[in-house]
Amino acid sequence: MRIRRFHSLMLFVAWLPLAAVEVDRLTTPETLPGAETFIYHEVQPEAMRLHVFKPAGWQATDQHPALIHFFGGGFLNGTPRQSAGIAKGAAKLGLVGIAVDYRVRNRHHTDASACVADARAALHWVQTHAGELGIDPYRIVVSGSSAGGHLALWTAITRTPWGSDPAEAPLYQPIGLILISPAADTSEVDGQRAERFAGHGLELSPHQNLDRKMPPVLLFHGDADTTVPYHYAVALDKKLRATGNECEFITIAGGGHGLATPEAKALATQHQVAFLQRLHLIAPTTQ
């Protein structure tokens, strides 16, 4: 279903207030205003959908770059309503913006390995359907917040993790990753929330399973984050750099979890636009 209404939003970075998303955290949206919706993963207890926001003047032959966003929620909660603002903002910059739903415990009664399987299947589906979506499959940026950052990292890791189907692995790494307060370490010893991964926290922890060659990373983290403490981002940045990978690490001074203030959102917008420009996904004059 395609709905052609568009809402105004802050450039690229838009986050629903927590109170707004809490109201709908157990309700799965079948459509989002302004998006075309597709089923990308036929799984139980319900098929998973993604919502595609197209830029003005879109044509299937244009080969647009794309941005896929995964919402956060600790692998327990959340819906793609949280991703709609970012996907719309990407479309305003000329990309195809995609808000992905994935299985979470409190809506689908699944463990967190299903989140990872869905994320990898989503990128696989977008790449294999790039022609009809008007997307260049080699120019897809993947972003995610909190648990969504964990999933974004797994779309760039070549090895198929426990609980995922090798036939649904991404065809190519994303061209870049944008990570906001990512839950990058779910190992049993040093990480967080390993118990949500059905006994496979280490196997499903991105930090310990990174490819030697990862896509360029833009990483945001608040140094006062108590949900995913700052030291996890410091460790991720250090590991990426130690293997020769590009990581631009932006510390949000005094910031908590996510991008909670207008100042943090403005800073993130500035760096995200510059990141897309460096990847040659938007023109240098785009503001």
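The values are calculated or read from the model by the stated rules, or taken from the named source; none is laboratory data. Worth saying up front: this structure is predicted, and the values here are computed from it rather than measured. Quick reminder, even Gly has a Cβ in these numbers, built from the backbone with ideal geometry, and neighbours come from all protein chains shown.
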On the basis of being in contact (Cβ under 8 Å) with a residue 40 or more places away in the chain and outside any loop (DSSP other than H, G, I, E, B), does Leu218 make the cut? yes
What residue, of Gly222, Gly201, is buried (at least 18 other Cβ atoms within 10 Å of the Cβ) and touching a strand residue (DSSP E or B) at 6+ places or on another chain (Cβ under 9 Å)? Gly222
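Quick check on Phe6: is it under 22 Å from Pro174 (Cα atoms), part of a loop (DSSP other than H, G, I, E, B) and at pLDDT below 95?
Details: under 22 Å from Pro174 (Cα atoms): no; part of a loop (DSSP other than H, G, I, E, B): yes; at pLDDT below 95: yes.
No: the conditions fail for Phe6.
Residues checked against (1) crowded, with 24+ Cβ neighbours inside 10 Å; (2) aliphatic (A, V, I, L, M):
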| position | (1), (2) |
| --- | --- |
| Gly163 | no, no |
| Leu177 | yes, yes |
| Thr186 | yes, no |
| Arg193 | no, no |
Would you check which residues across region 32-56 are of a type in the set (A, V, I, L, M) and buried (at least 19 other Cβ atoms within 10 Å of the Cβ) and list them? Leu32, Ala35, Met48, Leu50, Val52
Scan region 233-287 for residues that are touching a helix residue (DSSP H, G or I) at 6+ places or on another chain (Cβ under 8 Å), farther than 22 Å from Pro65 by Cα, surrounded by fewer than 16 Cβ atoms within 10 Å (Cβ to Cβ) and of a type in the set (A, V, I, L, M, F, W, C) and report the count. 1
Can you name every residue in region 228-287 that is β-branched (Val, Ile, Thr) and under 19 Å from Lys92 (Cβ atoms)? Thr269, Val273, Ile282, Thr285, Thr286
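Among what's in region 235-287 and is among the acidic types (Asp, Glu) and assigned to a helix (DSSP H, G or I), pick the residue that is modelled with the lowest pLDDT.
Glu263
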Every residue from region 24-40 that is part of a loop (DSSP other than H, G, I, E, B) and either within 26 Å of Asp165 (Cα to Cα) or among the hydroxyl-bearing types (Ser, Thr, Tyr) (or both): Thr27, Thr28, Pro29, Glu30, Thr31
